[in-house]
1. Determine by what factor the alpha-carbon radius of gyration of the stretch 55-310 differs from 2.2 N^0.38 Å, reporting the quotient.
2. May I ask you to give the percent of accessible area on the chain that is carbon plus sulfur, with a probe radius of 1.4 Å?
3. Looking at the chain, do any whole DSSP H helices span at least 15 angstrom along their long axis by alpha carbon and average 0.0 or above on Kyte-Doolittle, and which?
4. Calculate one ³J(HN,Hα) per residue across the stretch 376-393 by plugging θ = phi - 60° into the Karplus curve 6.51 cos²θ - 1.76 cosθ + 1.60, and present them in order as whole Hz with x for glycine and proline.
5. Residue by residue, what Karplus-based ³J(HN,Hα) values in Hz, rounded to whole numbers, does the stretch 96-104 have, using 6.51, -1.76 and 1.60 with θ = phi - 60° and x for Gly and Pro?
6. Considering only DSSP beta bridges whose two residues both sit in the stretch 55-310, what percent are antiparallel, to the nearest 5?
7. Starting from 0.36 nm per residue, how many nanometres of slack lie between residue 310 and residue 335 once their C-alpha separation is accounted for?
8. Could you report the chain's accessible area per residue, 1.4 Å probe, as an integer in Å²?
Amino acid sequence: MSSLGSEGLAVGFSDRGLDVDKVRADFPILSRTVRGKPLVYLDNAATAQKPRSVIDAISHFYENDYSNIHRGVHTLSERSTVLYEEVREKVQKFINARSEKEIIFLRGTTEAINLVAQSYGGANVGPGDEILISAMEHHSNIVPWQMLCQRIGAVLKVAPINTDGELLLDEFAALLSDKTRLVSITHMSNALGSINPVEEIIGLAHQKGIPVLLDGAQAIPHMAVDVQKLDCDFYAFSGHKLYGPSGIGVLYGKSELLEAMPPYQGGGDMIRRVTFEETEYNRLPYKFEAGTPNIADTVGLGAALDYLCTIGMDSVACYEQQLLDYVTQKAMELDGLRLVGTAANKGAILSFVLDKVHPHDIGTVLDHYGIAIRAGHHCAMPVMDFFQVPATARASFAMYNTCEEVDVLMQGLKEVIEVFG
Ligand code: 7TS
């Protein structure tokens, strides 16, 4: 495939360091067909496909190195422990955390937010206190806080957005009160694509001494993230949206906060000494990693990070921004298409509705052309309510998508409009 859009729009892959043909060749699934058509995979916000190196790393690990970690003196256990802990170091470097002990492995973003809600929230939030989120959150960044608030008698506050899907920063600032115990906000919205002004958000919260959790599930595959530069207190993300396996994710937390937090789950590995009377907990990060973890998928996540480091997150961001510009321009040419989420600062997600066509029908027709998009509420029902739509169709892009695929999508949408319009 060429690296130019059909309009000749320069999407300069090689001069900016991302060779999309080469990237595509690394992802075996991208060469399959669906319903006799080449797969056009545009459901990357739900989960991204995996490069060969990730698939191979997992098989290689099971075939050669697999054992349980942190407990055996035998060769395989030591080998598995080294490989697992090496990934912690890779994650630390990838997000520029100060220390490996600030990296906690969990199932994913959802579990990471639940950990903070239960552990930090349980210890620091009292009756009448407030947690501040935004109106564009995924259910994973709403429900754990609702559960905490119900349990404790605290109050969930919601910072509003405008009709472009942008956070209203002044209103956000006005909602920071001396009762606010934590701000938990998405770095990038999965339903709208909006990228939040997280540095300003963190600055405003920190002026009042309030810690900030960033839900990085969507942001991390699309841009370089530096947790020290952001100065966020917690950062949560999932491996599976970052070209790694499902079932493995990360909570970053500043060590001084993590040190002071009680464990989230009890069990093996998170202890130093146990008697029936009391338990002495392990040091960070093991205090938060009870039980046998997802060892092989952690190794797979390490391979995904290695892969991304060879490309460079700045190249990914630059390439995807051009793809987003291209698809946005093309989408706006279609009669009856309305974009849902038009923030000035957006990641490569296009949510839209078509006049007289239910999003599920859009998804079903596009599937006949081998095009995978998502139709639904995207686990962000309050966002749908705000825009007064039951659902949207969402095409979400990754570094392996091309302008040609955008053209195929547009052709598919023209067919949808013809059939239902
Ligand atoms: N936060 C955001 C912003 C998300 O987009 C998602 C998943 C999550 C949290 C939860 O991540 P998990 O890995 O723990 O499930 N978003 C989507 C989506 O948009 N379509 O499918 C999953």
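The values are calculated or read from the model by the stated rules, or taken from the named source; none is laboratory data. Keep in mind that what you see is a predicted model, and the values were worked out from it rather than measured. Glycine gets a Cβ as well: all are built from the backbone with ideal geometry, and neighbour counts include every protein chain shown. Each accessible area value is taken on the protein alone, full model and side chains, heavy atoms only, with ligands, DNA and RNA left out. Shrake-Rupley method; radii C 1.70, N 1.55, O 1.52, S 1.80 Å.
1. 1.03
2. 51 percent
3. Membrane-span-like by this rule: 295-311, 403-420.
4. The phi angles translate into x, 8, 6, 6, 9, 4, x, 5, 4, 4, 4, 8, 6, 10, x, 6, 10, 8 Hz.
5. Residue by residue, the stretch 96-104 yields 6, 6, 5, 9, 5, 6, 8, 10, 10 Hz.
6. Roughly 50 percent of the DSSP beta bridges within the stretch 55-310 come out antiparallel.
7. That works out to 4.9 nm of additional length.
8. 41 Å²
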